[in-house]
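Here the structure is laid out as structure tokens; the discussion comes afterwards.
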């Protein structure tokens, strides 16, 4: 019975994806001396560093993190002084966020950190398989995004 159980988990896509996520999170934890920021917080900071005047809705779209989680992350980053909130220049009723000086320092080097972690995560794969793996992940996410839009539209 024990072998059947192990075999099941070695074939379960959901389990394998969760385990890869755990590995990525552990690599992030090992690679960063600043454990004040989670991977999701760093994703939000990185998105804001690349484009100013983003709303929380924009951050949901860009990062794929759900709305309530983004709201909590933005709130914590505002309290830490890493973000500043202001009225949107496009829509005076809405708010957008930008990096503070502290936030800019916190996100400095994030690209190098991501690259280092990704290299370690994919180190067991030949380059062609690593490229194919990334392509497959993008295809899966793209298909799910299309399905999500269809469901939202009531199709």
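The values are calculated or read from the model by the stated rules, or taken from the named source; none is laboratory data. All of these numbers come straight from a predicted model, not from anything done at the bench. All Cβ positions, glycine included, derive from the backbone under ideal geometry; neighbour counts span all protein chains shown.
When residue 108 is evaluated against the numbered criteria (1) surrounded by 15 or more Cβ atoms within 10 Å (Cβ to Cβ); (2) modelled with pLDDT under 90, which criterion, by number, is the only one it fails?
Looking at each condition in turn, residue 108 falls short on (1).
For segment 116-127, which positions are free of Cβ contacts under 8 Å to residues at least 12 places away in the same chain and closer than 16 Å to residue 40 by Cα?
118
Report yes if residue 50 is touching a helix residue (DSSP H, G or I) at 6+ places or on another chain (Cβ under 7 Å) and loosely packed, with under 15 Cβ neighbours inside 10 Å, otherwise no. Before the answer, list the steps.
Details: touching a helix residue (DSSP H, G or I) at 6+ places or on another chain (Cβ under 7 Å): no; loosely packed, with under 15 Cβ neighbours inside 10 Å: yes.
No; evaluated as a whole, the condition is false for this residue.
Has segment 61-81 got any residue that is closer than 21 Å to residue 31 by Cα, free of Cβ contacts under 8 Å to residues at least 24 places away in the same chain and surrounded by 15 or more Cβ atoms within 10 Å (Cβ to Cβ)?
Looking for residues that are closer than 21 Å to residue 31 by Cα, free of Cβ contacts under 8 Å to residues at least 24 places away in the same chain and surrounded by 15 or more Cβ atoms within 10 Å (Cβ to Cβ), one finds none in segment 61-81, hence no.
Determine, yes or no, whether residue 47 is under 12 Å from the mean Cα position of the chain (by Cα) and either outside the structural domain of residue 108 (by TED's automatic domain parsing) or without any contact (Cβ under 8 Å) to a residue 60 or more places away in the chain (or both). Steps first, please.
Working: under 12 Å from the mean Cα position of the chain (by Cα): yes; either outside the structural domain of residue 108 (by TED's automatic domain parsing) or without any contact (Cβ under 8 Å) to a residue 60 or more places away in the chain (or both): yes.
When the stated conditions are applied, residue 47 passes them.
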